[in-house]
Amino acid sequence: MREPLSADQAERLAPLLKALADPVRLRLVSIVAASEGGEACVCDLNDAFDLSQPTISHHLKVLHEAGLLDRTKRGVWVYYAVRREVLADVAALIGGNA
């Protein structure tokens, strides 16, 4: 960073960081981001954790509501995709090359 965050930037980024500040949610974002085509089916995400489906769905909802993930329904399944522009903002904050 070349200059401190403005109050507006801090207000915009704080909910994103709060949503990511959970190990399960951080892993979910990384799994979705690393998935082929940049999206993952909720059915595949459930298999990656030793947690109940409602717990995984709750974490996905938090990430979606924070604006980190997009979701689309296809038939009976929901697919999640990382919003790369939002992750770029977070990466810029922590010094990543976005």
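Taking each residue of segment 66-77 that is without any contact (Cβ under 8 Å) to a residue 60 or more places away in the chain and looking for partners that are open to solvent by 100 Å² or more (accessible area, probe 1.4 Å) with beta-carbon atoms closer than 8 Å, six or more apart or interchain, yields 66/18. For residue 45, state whether it is touching a residue at least 12 places away in the same chain (Cβ under 8 Å), over 25 Å from residue 13 (Cα atoms) and within 13 Å of the chain's Cα centre (by Cα). Spelling it out, residue 45 is indeed touching a residue at least 12 places away in the same chain (Cβ under 8 Å), over 25 Å from residue 13 (Cα atoms) and within 13 Å of the chain's Cα centre (by Cα).
The values are calculated or read from the model by the stated rules, or taken from the named source; none is laboratory data. All values reported here derive from a predicted model rather than from experimental measurement. Here Cβ is always computed from backbone atoms with ideal geometry, including for glycine, and neighbour counts include all displayed protein chains. Calculation scope for accessible area: heavy atoms of the full protein, side chains included, ligands and nucleic acids excluded. Shrake-Rupley method; radii C 1.70, N 1.55, O 1.52, S 1.80 Å.
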